[in-house]
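The values are calculated or read from the model by the stated rules, or taken from the named source; none is laboratory data. As the structure is a prediction and not an experimental result, all values here were calculated from the model. Cβ placement follows ideal geometry from the backbone for every residue including glycine, while neighbour counts extend to all protein chains displayed. Areas reflect the complete protein model, heavy atoms only, side chains present, ligands, DNA and RNA absent. Shrake-Rupley method; radii C 1.70, N 1.55, O 1.52, S 1.80 Å.
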Amino acid sequence: AGASVLRAVMPFQVSFKSLLELRIQRQRVTSLPNCLGTLRKVQVLDLTGNLLCELPESVGGMRALRELFVSGNALTTLPNELAQLRSFKVLAAQGNAFGQLPEVVSRCSRLTHLRFGAQSVPERAINRRNAVAT
């Protein structure tokens, strides 16, 4: 079901030039196309409750991205390109397969809210003001 949702939506990304939010929740999505990065005005990307093992590096092209919700997937890491996003402030990533807090999170200099759970992460490792470990 999830793959068909993306196949139906992504070929038309050119017509979504003004799209501000993209929410694909609990659709059993297993992968995302690289053209996701062409959605440059998207501020909120919510992929909660899918079957994602990775996010494409092209997420770094989503220049307006402020909030990323990837809780309840099977992620083991996050793309380094997230650190390049100047507006990126909120990351919700609880309930994934991270062995530890991904290193890229420490380089997201404008991150103000972090939800990271089901793993035990010492607060000093987060090294972020206003971060919340759940």
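Given a 1.4 Å probe and heavy atoms of the protein chains only, how would you sort ARG110, ARG115, ARG28, ARG86, largest accessible area at the top?
Working: ARG110 120, ARG115 100, ARG28 160, ARG86 180 Å².
So, going from the largest accessible area down, we get ARG86, ARG28, ARG110, ARG115.
What FRET efficiency would be calculated for the residue pair LEU51, LEU19, taking the C-beta separation as r and a Förster radius of 25 Å, to the nearest 0.05? Intermediate results must be reported in sequence, preceding the final value.
Numbers: r = 23 Å, r/R0 = 0.93.
Efficiency, from the Cβ-Cβ distance: 0.60.
Report the accessible area of PHE16, computed with a 1.4 Å probe over the heavy atoms of all protein chains in place, in Å² rounded to the nearest 10.
About 70 Å², ignoring ligands and nucleic acids.
With θ set to phi - 60° and the Karplus curve 6.51 cos²θ - 1.76 cosθ + 1.60, what are the ³J(HN,Hα) couplings of the stretch 39-48 in order, to the nearest whole Hz, using x for Gly and Pro?
Result, ordered by residue: 7, 6, 9, 4, 9, 10, 10, 10, 10, 4 Hz.
How do 17-23, 64-70, 75-81 rank on mean C-beta neighbours within 10 Å, highest first? Don't skip to the answer; put the middle values down first.
On the way: 17-23: 11.9, 64-70: 19.7, 75-81: 16.6.
Ranking the peptides 17-23, 64-70, 75-81 by packing returns 64-70, 75-81, 17-23.
Measure off, as a whole percent, the carbon and sulfur share of the 1.4 Å-probe accessible area of the stretch 13-115, all protein chains present. Please list the in-between numbers first.
Working: 2360 of 5140 Å².
Solvent-exposed carbon and sulfur of the stretch 13-115 make up 46 percent of the total.
Given H placed 1.01 Å from N in the peptide plane, which residues other than close sequence neighbours of ARG115 have an amide H under 5 Å from its amide H?
LEU91, ALA92, ALA93
Compute the FRET efficiency between LYS41 and ARG110 as 1/(1 + (r/R0)^6), taking r as their Cβ-Cβ distance and R0 = 22 Å, and round to the nearest 0.05. List each step's numbers first, then the result.
Working: r = 18 Å, r/R0 = 0.81.
It comes out at approximately 0.80.
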